[in-house]
Amino acid sequence: MEKTIAINAGSSSLKFQLYDMPSETVITAGIVERIGLKDSIFTISVDDEKIKEVTDIPDHEVAVQMLLDKLISHNIISSYDEITGVGHRVVHGGEKFTESVYITNQVIADIEALSELAPLHNPANVTGIRAFRKVLPDIVAVAVFDTAFHQTMPPSSYLYSLPYNYYEDYGIRKYGFHGTSHKYVTERASDLLGRPQEELRLITCHLGNGASIAAIEGGKSMDTSMGFTPLAGVSMGTRSGNIDPALVPFIMEKTGKSAEQVLDVLNKESGMLGVSGISSDLRDLESEAAKGNDRAELALDVFVDGIHKYIGSYAARMNGVDAIIFTAGIGENSSYIRERVLRGLEFMGVYWDPALNQVRGVEAFLNYPHSPVKVIIIPTNEELMIARDVEVIRAQR
Ligand code: ADP
């Protein structure tokens with residue numbers, strides 16, 4: 001039996017999901033948190049039960065070793081040899097990586113060189129890659145990039161209206177993120193609609209703590225709301241989304257903050273948290289708004305209106321749309337947000353049934369059968385995409 005592990009390494013965390021392939025069955029999943037700090041937390045699911053252990057885990061290598069030991073001690077695997085592949089989520093692939101790749105020393109160097117574009121994420125991703133190479137040097141390792149799916153965008157989508165040499169000299173352009181998720185729901189939508197991707201125009205709404213919308217034409221990303229960094233686009237949990245760039249020096253002058261500090265505000269203190277002053281979590285805002293809190297309501301209005309406008313503009317971008325897809329924590333679960341995003345879109349052929357919208361976390365059509373534009377909830381599965389890419393690359397070797 002072949003087992004593939006999907007890894008998402010952050011600077012102090014490591015999420016894992018172990019698959020039996022090719023059946024695509026999830027065998028176990030878990031997370032190591034607070035790596036490098038005191039009282040690190042190791043959590044693993046065994047027989048639908050979450051087992052937690054608090055202990056000091058000094059670095060990612062120790063975390064990987066502990067993960068493998070736990071797989072053995074919980075009888076999930078009997079030897080390391082059962083794990084035949086590992087897939088690593090990597091945030092930034094720049095223009096270099098347009099698809100998942102087999103990891104070599106050169107690939108690691110390239111990912112590190114792209115750290116300038118993703119200073120918080122790429123170095124952490126590389127730490128995870130290195131830890132696995134050390135502990136399991138002989139298994140096939142694959143890098144799966146958040147940006148890769150959006151590399152099909154035309155220049156008119158990815159170029160900023162700036163001096164052209166900024167693009168040439170500094171790589172300043174829109175890259176887009178959440179690519180693995182947008183790709184997954186595109187494939188599923190094609191299956192669910194029973195139509196080839198090549199003939200579909202989709203608007204995919206990945207709405208989680210981070211949120212991005214994409215226009216997907218013929219199975220290829222045509223445009224997306226995030227930009228040079230994941231800060232751009234719609235309002236998010238704590239991120240501002242698009243703002244007038246002239247605000248940065250203005251805020252600096254008014255508050256005495258440095259550019260770095262303002263960027264921190266835009267990333268961590270803005271979005272729904274900033275507007276509401278209450279929380280970045282949609283569930284909190286929904287319940288506060290229901291109790292009549294105006295600022296919670298306002299934060300939801302800003303969020304919803306941004307998504308609604310992107311749908312209109314992406315429908316124009318593709319000269320029409322065949323289906324609108326909702327995914328990620330909010331998209332999959334919040335009937336309230338979906339309803340408010342969809343309300344009023346009848347003018348462009350979106351006829352949806354409020355009764356069908358009362359579902360959460362499952363694949364479901366929300367449109368009336370006669371609606372020219374379909375509306376579908378598709379729970380995303382980035383880990384499965386990673387595991388699949390590992391298998392494809394393993395088969396090629
Ligand atoms: P991340 O971007 O961190 O992966 P998720 O995709 O998990 O985020 O989405 C987190 C968001 O989903 C939070 O705002 C949370 O409130 C929201 N969410 C999760 N479950 C529900 C629910 N049942 N109803 C409404 N919102 C939900």
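The values are calculated or read from the model by the stated rules, or taken from the named source; none is laboratory data. Just so it is clear, the structure is predicted and the values come from calculations on it, not from any experiment. We place every Cβ from the backbone using ideal geometry, glycine too, and count neighbours over all the protein chains shown.
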In region 341-357, anything part of a helix (DSSP H, G or I) and more than 22 Å from residue 181 (Cβ to Cβ) is listed as 345, 346, 347, 348
Within region 162-186, the residues that are in a helix (DSSP H, G or I) and under 18 Å from the mean Cα position of the chain (by Cα) are 179, 180, 181, 182, 183, 184, 185, 186
Test result for residue 43, among the polar types (S, T, N, Q) and surrounded by fewer than 18 Cβ atoms within 10 Å (Cβ to Cβ) | yes
Based on what the data block shows, is residue 264 over 17 Å from the mean Cα position of the chain (by Cα) and under 25 Å from residue 122 (Cα atoms)?
-> yes
Go through region 310-335 and count every residue that is within 18 Å of residue 374 (Cβ to Cβ), surrounded by fewer than 24 Cβ atoms within 10 Å (Cβ to Cβ) and of a type in the set (A, V, I, L, M).
-> 3
Region 330-348, residues that are more than 10 Å from the ligand (Cβ to nearest atom) and in contact with a helix residue (DSSP H, G or I) (Cβ under 6 Å, 6 or more places away or on another chain) | 340, 341, 348
Would you pick out the residues in region 133-161 that are over 23 Å from residue 115 (Cα atoms), of a type outside the set (A, V, I, L, M) and in a loop (DSSP other than H, G, I, E, B)?
-> 137, 138, 154, 161
Which of the residues that make up region 242-277 are part of a loop (DSSP other than H, G, I, E, B) and either of a type in the set (Val, Ile, Thr) or within 14 Å of the ligand (Cβ to nearest atom) (or both)?
-> 243
Scan region 358-373 for residues that are in contact with a strand residue (DSSP E or B) (Cβ under 6 Å, 6 or more places away or on another chain) and either within 21 Å of residue 306 (Cα to Cα) or in a loop (DSSP other than H, G, I, E, B) (or both) and jot them down.
-> 366, 373
Cβ pairs under 6 Å, 6+ apart, first in region 258-287 and acidic (Asp, Glu) and modelled with pLDDT under 95, second part of a loop (DSSP other than H, G, I, E, B) and away from the ligand (no atom under 16 Å from the Cβ) = none
With respect to residue 394, is the statement that it is among the charged types (D, E, K, R) and surrounded by 16 or more Cβ atoms within 10 Å (Cβ to Cβ) true?
-> yes
